[in-house]
Amino acid sequence: MTRSQENIHVLRGDDSESTQPTCTSNVQGFQSFDVDENANVTPTSRHWRLDSNRTCVIVGSAILQLPIWGKKKSLIPKPLTSSVTHDSPGFVMCYGVFQEHYSANWTLAGGREVTGIIGTTSNGVIYLSMPFLFALFTKRLAHWRQTAALCGAALACLSFILSSFSTHVWHLVATQGVLSALGCALVYSPTTLSLGEWFDSRNRAVAYGVVLSCKNIVGSACPFLIRVMLDRYGFRGTMRLWTVVTAAASVAGIMLIPTPPTTLTPSRDVHSRPVRIPWHFLRHQTFYVYAAAIVFQTAGYGIPQTYLNTYASEVTMLSQTSATLLLTLFNIPGILSSSFFGYLSGNKRFPLSATAVTAISAAGSALAAFLFWGLTSRGSMALLVLFSITFGFFAGGYSATWGGVVNELESEAAGRNEAIDTGVVYGLLNGARGVGYVGGGLVGVPLLRAGEGGEVMKGFGYGTAYGPLIVFTGLTSVFGGLGLLWE
């Protein structure tokens, strides 16, 4: 027997208390122990090691939110013309920082309005690539997850370095809109697969919620960090410094997230049959109902992220600084709501179905849009602040309900005696989110034009050029609870 065959690993499994050792070959990123050392391993010790691994995975996933989403939320410049386009998720909360900087320091060739497509391009690349990347790394290439994530981090760093040497606006589109998005997708997909696999249906939703809360912390803190960096180092220096931040955070986070040993292909024999992805869930309506709900909810969720700042400046007459702080208020509640909805989706004390939890988020979002944003009067800030907080809470926590959706699909598959890969399902749900973001961006501009000169309910938000956008946001939020309507 070879030395590698004498090693055993602490497996994720289902918290089994069996003391029978399992022999596997050494795989990078895992702790291995000699058989002699583990002959007397107790169930308590095994659970302690499992909990330690899970803690490392949560910490690593939290750290990765900075390089994956920090730049998307902070470093893409907003178009400086009246033509508004849909941006990548969340970065508009601090675009005022870059708007002010570019207004005074625009040195690139080409029209400034071209920067508007950076967000849409980046958004489409990172979200729409997720279904393919999740499927690619779920089983057959599971051994390469950490390697792929490190390559993604390197690609993102390269894009930031190249961006700092930009002389034309299309350089920004290519580096920030395409290359960095590909890099971030390569980091996010394999590591998120491992995150979901280290946890089971009892605590997976909570784990997703905690990590999404960290994502909102990053999004809320980055505007202030970026402002300091821009003031001190300028755009080019900021991009180069952000490269260092991305490299350090990415390596640290990725190395804390090993692939669960139970996920790895048992045999690496070239003659072994490839592991096939089970697609049985695509034969049933449940997946399509939830995917459609995500498309609708995301299309509406992106509207306030894109237009709330200009609405606050033009309608309520807020200063640019106040409008930017308003968007920060929009994102801060997501820190709490992501963990809250993750808990609701996975708790056993007061069990709620996935349809119920998504409906709570959808109903709260719709009421906030119709009552608070729609009835905001000109020059008034109170209702707009209330809208930012309530909509940010209910809509910001919607993606944390996906853990419950995955659990429901997994339960249905078990009832039908069908196999299901929860990682692939989660990747497809992210793909639906990408479709929603792009669709909302395409619809937003014509809706804004349609609202110009509106006279209905004059004096309120409904009577402004943003009236159709407000109605669209409310209606799409309602359809975010499509699962409940379908039942």
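The values are calculated or read from the model by the stated rules, or taken from the named source; none is laboratory data. The structure presented is a predicted model; accordingly, all values stated were derived computationally and were not measured. Cβ atoms come from the backbone with ideal geometry, glycine included; neighbour counts cover every protein chain shown. Quick note on the areas: whole protein, heavy atoms, side chains included, nothing else; ligands and nucleic acids left out. Shrake-Rupley method; radii C 1.70, N 1.55, O 1.52, S 1.80 Å.
Here are the numbers for this structure:
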| quantity | calculated |
| --- | --- |
| Residue check for residue 195: open to solvent by less than 20 Å² (accessible area, probe 1.4 Å), hydrophobic (A, V, I, L, M, F, W, C) and part of a helix (DSSP H, G or I) | yes |
| Leading residue by the ranking (modelled with the lowest pLDDT) among those in the stretch 263-303 that are hydroxyl-bearing (Ser, Thr, Tyr) and more than 26 Å from the chain's Cα centre (by Cα) | 267 |
| In the stretch 154-174, the residues that are part of a helix (DSSP H, G or I) and open to solvent by 10 Å² or more (accessible area, probe 1.4 Å) | 154, 155, 157, 158, 161, 162, 170, 171, 173, 174 |
| Lone unmet requirement of (1) modelled with pLDDT under 85; (2) open to solvent by 30 Å² or more (accessible area, probe 1.4 Å) for residue 216 | (2) |
| Test: residue in the stretch 243-253 that is at pLDDT 90 or above and part of a loop (DSSP other than H, G, I, E, B) | no |
| Filter pass, residue 329 being surrounded by fewer than 20 Cβ atoms within 10 Å (Cβ to Cβ), within 24 Å of the chain's Cα centre (by Cα) and not in a loop (DSSP other than H, G, I, E, B) | yes |
| Which numbered condition residue 204 misses (of (1) open to solvent by 40 Å² or more (accessible area, probe 1.4 Å); (2) among the basic types (Lys, Arg); (3) modelled with pLDDT under 90) | (1) |
